[in-house]
């Protein structure tokens, strides 16, 4: 949620519905001093990949209603806002929500699949994909990041 707040802040505070990249970066890196310019550039790319920003003719446009986002007094984004979400945790959360179980129970089930059915030769993220398929939980949007490092 704080990623949405971080992205919304420049648009809200500057009272604009579109910003040039340089304006966005200047707000985050120089006006607020929340991060350096390189981190702000990375944040733009992350927001685009997460479907929060679009680029139209070189101009950044939010893809969600930023006027409905409240930027808390004293807000400062954390380092976790500069990194993409962990795909395994996202998938784990989706499965847990879909079947109404605790995340730890789903993780335990994935571990059991890896240990009992594959003699421990299956990686945890692959076991999560098997569980997602078993329970009909969508995971196609996470597949590319789940494959990284295999």
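Evaluation of residue 67 against the conditions (1) part of a helix (DSSP H, G or I); (2) surrounded by fewer than 17 Cβ atoms within 10 Å (Cβ to Cβ); (3) free of Cβ contacts under 8 Å to residues at least 40 places away in the same chain shows that the sole unmet condition is (3). Any residue that is closer than 27 Å to residue 138 by Cα and either assigned to a loop (DSSP other than H, G, I, E, B) or modelled with pLDDT of 95 or more (or both) - is there at least one of those in the stretch 71-83? Scanning the stretch 71-83 turns up at least one residue that is closer than 27 Å to residue 138 by Cα and either assigned to a loop (DSSP other than H, G, I, E, B) or modelled with pLDDT of 95 or more (or both).
Here the stretch 99-113 is the region considered, the condition is being in contact with a helix residue (DSSP H, G or I) (Cβ under 8 Å, 6 or more places away or on another chain), more than 11 Å from residue 131 (Cα to Cα) and part of a helix (DSSP H, G or I), and the residue that is modelled with the highest pLDDT is 105.
Of the residues making up the stretch 1-24, those that are assigned to a helix (DSSP H, G or I) and farther than 28 Å from residue 142 by Cα are 10, 11, 12, 13, 22, 23. Of note, residue 117 satisfies the criterion of being assigned to a helix (DSSP H, G or I), in contact with a helix residue (DSSP H, G or I) (Cβ under 9 Å, 6 or more places away or on another chain) and outside the structural domain of residue 10 (by TED's automatic domain parsing).
Just one of the numbered conditions (1) in a helix (DSSP H, G or I); (2) without any contact (Cβ under 8 Å) to a residue 60 or more places away in the chain; (3) more than 16 Å from residue 144 (Cβ to Cβ) is not true of residue 126: (3). Going by the conditions given, is residue 93 loosely packed, with under 11 Cβ neighbours inside 10 Å and outside any strand (DSSP E or B)? Spelling it out, it is not the case that residue 93 is loosely packed, with under 11 Cβ neighbours inside 10 Å and outside any strand (DSSP E or B). The residues of the stretch 26-42 that are closer than 16 Å to residue 14 by Cβ, in a helix (DSSP H, G or I) and touching a helix residue (DSSP H, G or I) at 6+ places or on another chain (Cβ under 7 Å), listed by number, are 27, 28, 29, 40. Specify the residue that is farthest from residue 96 (Cα to Cα); the eligible residues are those in the stretch 118-134 that are over 23 Å from the mean Cα position of the chain (by Cα) and surrounded by 12 or more Cβ atoms within 10 Å (Cβ to Cβ). If we take residues in the stretch 118-134 being over 23 Å from the mean Cα position of the chain (by Cα) and surrounded by 12 or more Cβ atoms within 10 Å (Cβ to Cβ), then 118 is farthest from residue 96 (Cα to Cα).
Of 105, 88, which residue is surrounded by fewer than 14 Cβ atoms within 10 Å (Cβ to Cβ) and out of contact with any strand residue (DSSP E or B) (no Cβ under 9 Å at 6 or more places or on another chain)?
105
The values are calculated or read from the model by the stated rules, or taken from the named source; none is laboratory data. Bear in mind that the values here come from a model prediction, so they are computed numbers and not experimental data. Note: ideal-geometry Cβ built from the backbone for every residue, glycine included; neighbour counts use all protein chains shown.
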